[in-house]
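What follows is a set of notes on a single structure, which appears directly below.
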Amino acid sequence: MKLADHKATLSFSNGAPSMELPVYAGTIGPDVIDIRKLYGQTGMFTYDPGFLSTASCQSAITYIDGDKGELLYRGYPIEQIATQCDYLDTCYLLLNGDLPNEGERNDFHKLILNHTMVNEQMQFFLRGFRRDAHPMAVLTGLIGALSAFYHDSTDINNPEHRRIAAIRLIAKMPTLVSMAYKYGVGQPYMYPRNELSYAGNFLRMMFGTPCEDYVVNPVLERALDRIFILHADHEQNASTSTVRLCGSSGTNPFAAIAAGVACLWGPAHGGANEACLNMLEDIQASGGIAKVGEFMNQVKDKNSGVKLMGFGHRVYKNYDPRAKMMQETCNEVLSELGLENDPLFKLAKELEKIALEDDYFVQRKLYPNVDFYSGIVQRAIGIPVNLFTGIFALARTVGWIAQLNEMIGDPEYKIGRPRQLFTGSPRRDVPTLIKR
Ligand code: SDX
């Protein structure tokens, strides 16, 4: 970042001395006002619950222009990455800052595909869960538990440890997610096959069984790889900020990523794809497209607490570019599977059409986000609804790691420790029991 050619002056109407604050400019996007000296000089904090106007860090990884509906991974538009690269190329890009050349690409693919097995002991963790445990509960446990196995890559301040942990996490997430799934359906775990692609391997571990050979469908393989790409990173969203804050204490990478998984689970964040599909199924069950008008009235009624899941975004005030690509992928998969008339897809398109013409949504700049179509395509591939967020976590692991590594690699980083506006009781003495 560089000093902008202007400063910010903060003045107070109560006669307190004003102060100048430096303004920094990034390569693109909003400038920032550096308030690090504010408390020291004024004894005051800034106040920004939800961080709507707060840049928590400087980063060179992902950039979103919410007004344009633009998403760049290391400067490359998501539309180009999703059509010209695969997920492992995207991982290399997010981790290293640029796309791999052919040699780097082959080495990285081989490195990942040869670290896909997990320690045999991991399966005994699963036995402790109920078979009907939500896969995100299982994954939060399994990923945190990885720190119990890799003592040679838990020192977050050691760049070599961070590199090895990154490879292990990216390589093993598909194995862990498919194990969580197989445990829930009571089928045997499938060992990874190193000759398959990253997405193909995951499909086989999910839907293959020891009883017969599994043939990867190239259309589904490509669709899943694209789903991974679209979910790989997204600036300082809630789960990425969780990973950064957790990692800032110096904890190991596996624990920090487990914290990200836990945060992603929420329906306002990564859990929205599961919530969106459940919403579509509920509308379908209560009458389908004929009931959309009634449902939309509920959404617009503040007291109902009903939201149109898969719509709206803190940053995008235009169409989420990932939603557009997800809709395309949806079309491809549904026609490959002969499901062009999938009622939920038709319902989703009708909901989107109505919402984009409705003043409530137009005024609030609410558009479909990445979660609106992702559930429909995952369901068509055969992924159960309660595993959608697990797929999101699998894909986002590389983003979390890249952001964590960027923070730890920044010599200026400190442990994150926000302050507060205290509104509780001033000092008082404990009354004796008889006086309470
Ligand atoms: C992800 O941050 C990221 O980058 C996240 C993510 C990533 O890749 O990491 O992009 C992934 O989490 C996508 C978002 C998935 N969540 C959902 O689809 C859940 C539904 N969406 C909403 O919960 C909401 O839109 C959020 C949480 C996504 C954004 O919330 P904000 O920015 O805090 O916006 P807001 O709640 O203040 O909404 C502004 C207005 C409010 O109405 P008013 O008070 O102004 O009258 O819009 C309304 C909201 O009630 N609104 C909605 C709505 N989303 C916002 N009304 C109906 N349905 C919705 N979905």
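Here are the numbers for the structure shown:
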read-out	value
Cβ charges +1 (Lys, Arg) and -1 (Asp, Glu), total dipole of the range 28-73, debye	220
Projected label distance in nm at Tyr413 and Asn158, using a 7 Å step from Cα toward the beta-carbon	1.7
The chain, relative contact order [Cα under 8 Å, separation at least 6], %	19
In order through the range 293-309: 3J(HN,Hα) via Karplus (6.51 cos²θ - 1.76 cosθ + 1.60), integer Hz, x for Gly, Pro	x, 4, 5, 5, 5, 4, 4, 7, 8, 3, 6, 6, x, 8, 10, 7, 5
Charge dipole (debye, nearest 20) of the range 40-197; +1 at Cβ of Lys and Arg, -1 at Cβ of Asp and Glu	760
From phi via Karplus (6.51, -1.76, 1.60), per-residue ³J(HN,Hα) for the range 170-178 in Hz, x at Gly/Pro	4, 5, 9, 4, x, 5, 5, 5, 5
Helical mean residue ellipticity (222 nm; -39500 (n - 2.57) per DSSP H run of 4+; nearest 500) of the chain	-15000 deg cm²/dmol
Along each principal axis, Cα extent of the range 1-46, largest first, Å	36, 16, 13
The range 267-391 - percent relative contact order, Cα under 8 Å, separation 6 or more	41
Inter-probe distance in nm under a simple model that places probes 7 Å from Cα toward Cβ, at Val306 and Ala148	4.4
Cβ-based charge dipole, the chain, positive-most Cα from Ala402, Gly208, Pro343	Ala402
Three-way shape label, the range 66-134, alpha-carbon gyration tensor, a/c 1.5	oblate
Derived scalar couplings ³J(HN,Hα) [the range 345-354; Karplus, 6.51 cos²θ - 1.76 cosθ + 1.60; whole Hz; x for Gly, Pro]	5, 5, 5, 4, 5, 5, 4, 4, 4, 5
Descending semi-axes in Å of the chain, equivalent ellipsoid built from Cα gyration tensor	37, 29, 24
Nitroxide proxy distance, nm - points 7 Å out along Cα→Cβ at Ala8 and Lys349	4.6
Positive-end residue of Val138, Met173, Phe311, charge dipole of the chain with Cβ unit charges	Val138
Residues Leu337 and Arg131, FRET efficiency given R0 of 30 Å [Cβ-Cβ distance, rounded to 0.05]	0.60
Diffusion constant of the range 275-349 at 4 °C, which comes from Stokes-Einstein with the Kirkwood Cα-pair radius and 1.567 mPa s, µm²/s	94
The chain: angle of helix 198-207 to the longest principal axis, Cα-based, in degrees nearest 10	60
Kirkwood hydrodynamic radius of the range 149-221, Cα pairs, Å	13.7
Size of electric dipole in the chain: Cβ of Lys, Arg +1 and of Asp, Glu -1, about Cα centre, debye, nearest 20	1820
Per principal axis, descending, Cα span of the range 364-436 in whole Å	66, 41, 31
Anisotropy class of the range 233-323 from Cα gyration tensor, a/c 1.5 cut	prolate
Inverse mean reciprocal Cα-Cα distance (Kirkwood Rh) of the range 280-436, Å	19.4
For the range 138-190: rounded, prolate or oblate by the Cα gyration tensor [a/c cutoff 1.5]	prolate
The range 1-140: translational diffusion in µm²/s, Stokes-Einstein, Kirkwood Rh over Cα pairs, 4 °C, 1.567 mPa s	64
Value of Rg to Rh for the range 306-394 (Rh from inverse mean 1/r over Cα pairs, i.e. Kirkwood)	0.97
Relative packing of peptides 188-199, 413-424, 124-135 - highest average C-beta neighbours within 10 Å first	188-199, 124-135, 413-424
25 Å Cα-Cα threshold exceeded, pairs from Lys68/Lys353; Lys317/Lys353; Lys291/Lys353; Lys182/Lys291; Lys68/Lys349; Lys2/Lys37	Lys182/Lys291
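FYI, it's all coordinate maths here, none of it is from the lab. Remember, predicted model here, so these are calculated numbers, not experimental data. No Cβ is skipped: glycine too gets one built from the backbone with ideal geometry, and neighbour counts run over all protein chains shown.
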